[in-house]
1. Would you mind telling me which numbered condition in (1) at pLDDT 80 or above; (2) surrounded by 10 or more Cβ atoms within 10 Å (Cβ to Cβ); (3) under 30 Å from residue 125 (Cα atoms) residue 68 fails?
2. Please work out which one of (1) touching a helix residue (DSSP H, G or I) at 6+ places or on another chain (Cβ under 7 Å); (2) surrounded by 10 or more Cβ atoms within 10 Å (Cβ to Cβ) is the condition residue 75 fails and give its number.
3. Scanning region 39-58 for residues that are surrounded by 10 or more Cβ atoms within 10 Å (Cβ to Cβ) and in a helix (DSSP H, G or I), which turns out farthest from the chain's Cα centre (by Cα)?
4. Do we have any residue at all in region 89-105 that's surrounded by 10 or more Cβ atoms within 10 Å (Cβ to Cβ), modelled with pLDDT of 65 or more and in a loop (DSSP other than H, G, I, E, B)?
5. Of all residues in region 119-136, how many are in a strand (DSSP E or B) and touching a residue at least 40 places away in the same chain (Cβ under 8 Å)?
6. Return the residue satisfying two criteria in turn: it lies in region 149-168 and is surrounded by 13 or more Cβ atoms within 10 Å (Cβ to Cβ) and more than 27 Å from residue 133 (Cβ to Cβ), and of such residues it is modelled with the lowest pLDDT.
């Protein structure tokens, strides 16, 4: 072999040794970092962020409160006598002085035939009644074309068929325009 060939082989061997040494050092460094990360991960407990834990607990408590909440109202917000307090306006709508409290019970219709029937709205429920039927502590004693007579103990209540306030407002518009002939309701 010539000097030139010996030099090239020597140079290649030195470069190969340096590459092997460099690769070994890099592999050792990376292996050391991986072991450190694994050690940190084994010590860490997931989900231990106190602020996150507090937020989750607060949200869960609020959800439980909302699910357990029961909505109750003392008075019916759609009851006209609770909304409208003006006696003039109530009279204009066809309600008498005794309107308050009577709105809890309303005669919707009567049917006069072989048997007499009446439909009464009481405390938000509709009752289809015949003479001698009982509901809400009242007994139906008489059914006429536009009225129903009820008894509760010695108290006598007569319900008269009347239009609801929306129909009364429409009726007032028709009367003002002269188109109303007095319908039987």
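1. Among (1) at pLDDT 80 or above; (2) surrounded by 10 or more Cβ atoms within 10 Å (Cβ to Cβ); (3) under 30 Å from residue 125 (Cα atoms), the lone unmet condition for residue 68 is (2).
2. Result: residue 75 fails condition (2) only.
3. Residue satisfying both the conditions and the ranking: 39.
4. The answer is yes; a qualifying residue exists.
5. Looking only at region 119-136, we keep the residues that are in a strand (DSSP E or B), and these are 119-122, 125-130, 134-135.
Right, trim to touching a residue at least 40 places away in the same chain (Cβ under 8 Å) and you get none.
Within region 119-136, residues that are in a strand (DSSP E or B) and touching a residue at least 40 places away in the same chain (Cβ under 8 Å) number 0.
6. Top of the filtered list is 165.
The values are calculated or read from the model by the stated rules, or taken from the named source; none is laboratory data. Everything numeric here is computed off the predicted structure, so don't read it as measured data. For neighbour counting, all protein chains shown are included, and Cβ atoms are generated from backbone atoms with ideal geometry for every residue, glycine included.
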